[in-house]
Amino acid sequence: MVSKAGVGRLAIVLSGTVLFAALGVGLFVVYPETVAELLGVVLTLGVLLVGVKIAGSVAGSLFPGYDVAEVAVEGPITRDGGGGALPSSPRATPADDIVEQIDRANDDDNVQALLVKLNTPGGEVVPSDDIRLAAERFEGPTIAYATDVCASGGYWIASGCDELWAREGSIVGSIGVIGSRVNASELAEKVGLSYERLAAGEYKDAGTPLKEMDDDEREYLQGVIDDYYETFVERVSDGRDLEPEFVRDTEARIYLGESAHELDLVDELGTRRDVEAVLAERLETDEVTVEEFEPERPLVARMGAGARSVAYAFGAGIAGLAEPREFRLRS
């Protein structure tokens, strides 16, 4: 069944097409006798294409084709989707892009609700919190929907939404923070490398791979992790209306969707169609139309993203073995 909005958009586009086609024929084919017919046809087609575009824009403004915005958080969460000197996974999520998409949806008068699709194992702490804050700022219903995985930083983001939905087989949870470092001091000694410290501040080089970590450094870095963990617990406790002690008792475990629902870590279980049906009820309409919001990138940036994907598939996995890493912190 075609909606009234659909009929209205179609009528405007067809009317605009006919109008601009007639205008093009009149200006460039019939009227100027000295203009070559071929040139007239070319110009007519140009006017026609411009007219269709203008008519489509007018139709979209008068009869919006969507009322729900969807943003997708897929893959590891980082600040810009990069992983340092090496190409990152092409499925990494640039947090700044997601924030821009949510803010753009919030400014769009057609958008009445926000759907945040989550399929992520987590990632960097602050970028995850930036996405959560953007979801909290959205003026309207917000539903987070877990597909395969909503873990760690993904759950951090979900705590900023009104509800969290998942499938029975979704992996949910991992409310914790991890810091890691590679201890390459023995390897360095074997190949004849030594670490010479030039630093100001006792803990400036804490976690450096080329030296052994002493107890004070280990205690210091563990304290940083503990502080982030307490922040994570606070965000989840406030956003999900859960007792802080209960959140800590999960001990960063992961749960299947059904178990997570029983523990109130998930509000509802259902399919994407179920989520859209609930949104339709909230917006008091027969059905909703979802528009996927994507980052606004120029052509050069899109070409660069494609090149990075090819580079990653070709050799990033092997090159990653040789990339120097210091202490890394992620949720």
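Does THR142 meet the test of being surrounded by fewer than 24 Cβ atoms within 10 Å (Cβ to Cβ), in contact (Cβ under 8 Å) with a residue 24 or more places away in the chain, in contact with a Cys (Cβ under 6 Å, 6 or more places away or on another chain) and closer than 20 Å to LEU279 by Cβ? Against the criterion (surrounded by fewer than 24 Cβ atoms within 10 Å (Cβ to Cβ), in contact (Cβ under 8 Å) with a residue 24 or more places away in the chain, in contact with a Cys (Cβ under 6 Å, 6 or more places away or on another chain) and closer than 20 Å to LEU279 by Cβ), THR142 qualifies.
Among the residues of segment 263-279, those that are part of a helix (DSSP H, G or I) and either surrounded by 20 or more Cβ atoms within 10 Å (Cβ to Cβ) or touching a residue at least 60 places away in the same chain (Cβ under 8 Å) (or both) comprise ARG272, ASP274, VAL275, GLU276, VAL278, LEU279. Tell me, please, whether a residue that is part of a loop (DSSP other than H, G, I, E, B) and loosely packed, with under 12 Cβ neighbours inside 10 Å can be found in segment 220-227. Scanning segment 220-227 turns up no residue that is part of a loop (DSSP other than H, G, I, E, B) and loosely packed, with under 12 Cβ neighbours inside 10 Å.
The residues of segment 186-203 that are acidic (Asp, Glu) and surrounded by 11 or more Cβ atoms within 10 Å (Cβ to Cβ) amount to a single one, GLU189.
I want to confirm something. Restricting to segment 202-230 and keeping residues that are among the hydroxyl-bearing types (Ser, Thr, Tyr) and touching a residue at least 40 places away in the same chain (Cβ under 8 Å), which single residue is farthest from TRP156 (Cα to Cα)?
This residue is THR208.
Do we find a residue being more than 17 Å from ILE102 (Cβ to Cβ) and among the β-branched types (Val, Ile, Thr) anywhere in segment 155-165?
No, there is no match, as no residue in segment 155-165 is more than 17 Å from ILE102 (Cβ to Cβ) and among the β-branched types (Val, Ile, Thr).
Only one entry of ALA252, ALA206, ALA260 meets the criterion of being small (Gly, Ala, Ser) and surrounded by fewer than 18 Cβ atoms within 10 Å (Cβ to Cβ), and that entry is ALA252.
Going residue by residue through segment 170-185, is there one that turns out to be free of Cβ contacts under 8 Å to residues at least 40 places away in the same chain and either exposed (fewer than 15 other Cβ atoms within 10 Å of the Cβ) or not in a helix (DSSP H, G or I) (or both)? So far as segment 170-185 goes, yes, one or more of its residues are free of Cβ contacts under 8 Å to residues at least 40 places away in the same chain and either exposed (fewer than 15 other Cβ atoms within 10 Å of the Cβ) or not in a helix (DSSP H, G or I) (or both). When ARG273 is tested against (1) in contact with a strand residue (DSSP E or B) (Cβ under 9 Å, 6 or more places away or on another chain); (2) assigned by TED's automatic domain parsing to the domain that holds PHE138, only condition (1) is not met.
The values are calculated or read from the model by the stated rules, or taken from the named source; none is laboratory data. Note that the structure is a prediction, hence the values are computed from the model and not measured. A quick note on method: Cβ atoms are made from the backbone with ideal geometry, for glycine too, and the neighbour counts reach across all protein chains shown.
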